[in-house]
Structures are given as structure tokens and as C-alpha cells.
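Report on the structure given below.
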Amino acid sequence: MQALEHFLPQVWFVVLALFLLLYVMLDGFDLGVGILSLTASNEERRSILMTSLGNVWDANETWLVLMGGALFGAFPLAYGTILTALYIPICMMLFGLIFRAVAFEFREHSNRKLFWNYAFGAGSFLAALAQGFALGAVLEGIAVDEAGHFVGSTWDWLDWRSILVALTLIQGYVLIGSTYLIMKTEGELQTNHYRTAKIAAVTTLIGAILITIATPIFYESARARLFDKPLVYVFAAIPLLGVLLVGLLLKSLASKEERTPFIWTILIFLLTFIGLGLIVFPYIIPSQITIYQSAASPSALVFMIVFIGFLIPIMIFYNIYNYVVFRGKVVGGHYGE
């Protein structure tokens, strides 16, 4: 029984990490496209960008809902503490997601699209910014008492380190959004997104380097883990692999390849998540609450695994089916062959 109580929280840590990774990759590119829509030079180009998301964006956000439900069921203490500490950025994110959803639908039926165009872009930017603030705050640590309840202030989540994480995440979303649009567009619009992808790759790399340098300097718990053998060799390899992947990404962009830039970007996101997971584990709230302290009862965790075991394959199949059906270029606001 004791082994089960130790094993089940680890399983759910991996499951939550999977949900978060799928959300960041899938909803990340449509948030990136939403941000890029603010730079579209005319309505025709903006229509192409919006059409590229029309049949996939709502399914992408399902992973966020699933992650929130799984966190509540598997780690209720962490759920309550995180939502209390990050009340403002979470509300910002929800407002941004709702605003962009309303703008997306209203834009289709509006004769005057300018307001809804900017509403969609602004909602995307606000949601991405809030997610960055939340991620930065969780990585920095949340002030809790001995029972694990939040004891900090309303604005603990806002400092220069969380701002750096937020700006880097936005650049990452712009990068994955640009590489997605390279696959979905052609001509001058595609050329423009080759350019935005190059810029975003460089700015994302700069942000990642600054975060990598700041982490061991300002976070004592992370510093101890980073230099603990044998993980020190893994952590030394991750930045090198990251630079290599960015180099391969820039090379593929320079060669005007269509699909490989998106693949390299996905691998960069995956590598980043592996690094973050290794730094954070076994904490659900870094250096404060472990997955074992916050976990629900073993019977609840087993019941949820059975339920999720049926749900995940269905959702993955639906997502794959969706992308297969709506593959191909978007030309003039419609899918081409």
C-alpha cells in the first residue's frame, strides 16, 4: 500500500505534465497566430490566418480544461493553493480566452470587423501573458504555511523574473504560430512568416538563456538540484541540445522548408518541458509542496486513472482526425487542396 501511495502521485505528475505539454503545443500555436493577426496588413491576410484556426482552436483548449480538472482531482491541496495565489493571472487568462472566443465568432458575422480583429489579437496576447506570469510564479515558489495554504500577498506573482518568463513564453508562442502558418500559407504571406519565425526563434533563445542563467542564481532549491550528480550531466546537455535545435530550426527556415520548422519547434518545446519537469520534480509547487503531500487518496487516484485511460485515447484520436481532415493550405480564406 505504501508503494502504491508513492507510485500513484508520480503517475499523475506525468499525466499532468502531458496535458500541459499538449496544451502549450496545440493552443500555443493558435495563441501565436492570434498575436500575429495584430500585424496582418489587410483583411484578406487576416482572414487567411483566422481560417487556418477555424476548425481546430476550440479543440486545442480542451487540454487546458482537462488539466484543471485533473489537478483538482489528483492534487486538491495544490489546486486550492495555486488558484488562490494566482487569482489575478488566472482571471486574466480566462478573460483573454473568453474574449478571443467571442471575437472569433462575432467577427464572422460582423460587417465591421476591425474591433473584433483587434479583440481576437488582444485576447490571445492577454491569455499568453497571463500564462507566462502564472508559470513564472509557480517556478519561483508560492508562500505557504505548514498546512500548505497560501499566506502570501495578492501581487506575489508579479516581479521581473515572472515578467521575463511571460515575455519568453509569448515569443515561443509567436514562434510556433509562425511555423504553423508557414505550413498553412503560401506566397508573400508565407515569406512574411519565415521572417517572423526567424525573429521569434532568436528572441525565444535569448529569453531561454536569461532564464537558464537566472534559475541557479536566484532559486536555491533549483541550484541544488541542477548541480546534483548525476542530474548535472543531464542539465548540462539540455541547453546544448536546445541551442542545436534552434540552429537546425534557423537552418530549415533559411532553406525555406515548410514542415520541418514546425517539427523543430515542437522538439524545442518538448526539450524545455523535460528540463522543467526534472527541475520541479517531486514538487507540485516548487520547494514548498510535494506531489506526495498534495495527492488525493489512492482510491481516488486509481478511479481517475481508469476514467482518464478511456478519455485520453478518444481526445487524441479526435485531435489527429481534426488535423488530418483540415490539412493543406489556406488560400483566400478557404482550404485548398
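The values are calculated or read from the model by the stated rules, or taken from the named source; none is laboratory data. Here the structure is a predicted model, which is why all the values come from computation and not from measurement. In this analysis, Cβ positions are derived from the backbone assuming ideal geometry, glycine residues included, and neighbour counts consider all displayed protein chains. With ligands, DNA and RNA removed, areas are computed over all heavy atoms of the protein, side chains included. Shrake-Rupley method; radii C 1.70, N 1.55, O 1.52, S 1.80 Å.
Could you please let me know if Ile82 is free of Cβ contacts under 8 Å to residues at least 60 places away in the same chain and among the aliphatic types (A, V, I, L, M)?
no
Criterion first (open to solvent by 50 Å² or more (accessible area, probe 1.4 Å) and either more than 30 Å from Leu301 (Cβ to Cβ) or of a type in the set (Lys, Arg) (or both)) does Phe104 satisfy it?
no
So which pairs qualify, if the first residue must be in the stretch 93-117 and more than 19 Å from Ser52 (Cα to Cα), the second must be open to solvent by 100 Å² or more (accessible area, probe 1.4 Å), the Cβ gap must be under 9 Å, and the two must be at least 6 apart or on different chains?
Partner pairs satisfying both residue conditions: Phe115/Phe106.
Could you tell me which residue of the stretch 257-292 is nearest to Pro9 (Cα to Cα), considering only residues that are among the hydroxyl-bearing types (Ser, Thr, Tyr), open to solvent by 30 Å² or more (accessible area, probe 1.4 Å) and in a helix (DSSP H, G or I)?
Tyr292
Looking at Ile35, Ile90, can you tell me which residue is touching a residue at least 40 places away in the same chain (Cβ under 8 Å) and either touching a Phe, Trp or Tyr at 6+ places or on another chain (Cβ under 6 Å) or of a type in the set (D, E, K, R) (or both)?
Residue meeting the stated conditions: Ile35.
Just need a number here: residues in the stretch 151-182 that are buried (at least 20 other Cβ atoms within 10 Å of the Cβ) and of a type in the set (A, V, I, L, M, F, W, C).
Residues meeting the conditions: 10.
Given the conditions (1) open to solvent by 70 Å² or more (accessible area, probe 1.4 Å); (2) in contact (Cβ under 8 Å) with a residue 60 or more places away in the chain, and given that Val243 satisfies all but one, which numbered condition is not satisfied?
(2)
Looking only at helices (runs of 4 or more DSSP H) that fall completely inside the stretch 19-135, which ones have 1 or more residues that are under 21 Å from Val174 (Cβ atoms)?
The qualifying helices (runs of 4 or more DSSP H) are 43-53, 57-60, 62-74, 87-109.
Tell me, yes or no, whether the stretch 222-232 has at least one residue that is more than 14 Å from Gly32 (Cβ to Cβ), free of Cβ contacts under 8 Å to residues at least 60 places away in the same chain and within 16 Å of the chain's Cα centre (by Cα).
The answer is no; no qualifying residue exists.
If you check Tyr79 against the conditions, is it aromatic (Phe, Trp, Tyr), within 30 Å of Val306 (Cα to Cα) and open to solvent by 20 Å² or more (accessible area, probe 1.4 Å)?
The answer is yes for Tyr79.
Could you tell me whether Ser47 is in contact (Cβ under 8 Å) with a residue 24 or more places away in the chain, polar (S, T, N, Q), in contact with a helix residue (DSSP H, G or I) (Cβ under 8 Å, 6 or more places away or on another chain) and open to solvent by less than 50 Å² (accessible area, probe 1.4 Å)?
no
Mind counting the residues in the stretch 143-160 that are at pLDDT 85 or above and in contact with a Leu (Cβ under 8 Å, 6 or more places away or on another chain)?
Residues in the stretch 143-160 being at pLDDT 85 or above and in contact with a Leu (Cβ under 8 Å, 6 or more places away or on another chain): 1 in total.
Quick check on Phe133: is it touching a Ser or Thr at 6+ places or on another chain (Cβ under 8 Å), touching a residue at least 40 places away in the same chain (Cβ under 8 Å) and closer than 30 Å to Glu43 by Cα?
Answer is no for this residue.
Pick from Trp63, Trp57: which is of a type in the set (A, V, I, L, M, F, W, C), under 25 Å from Leu276 (Cα atoms), touching a residue at least 24 places away in the same chain (Cβ under 8 Å) and open to solvent by less than 30 Å² (accessible area, probe 1.4 Å)?
Trp63
For the stretch 183-217, which positions are open to solvent by 60 Å² or more (accessible area, probe 1.4 Å) and in contact (Cβ under 8 Å) with a residue 60 or more places away in the chain?
Across the stretch 183-217, the qualifying residue is only Glu186.
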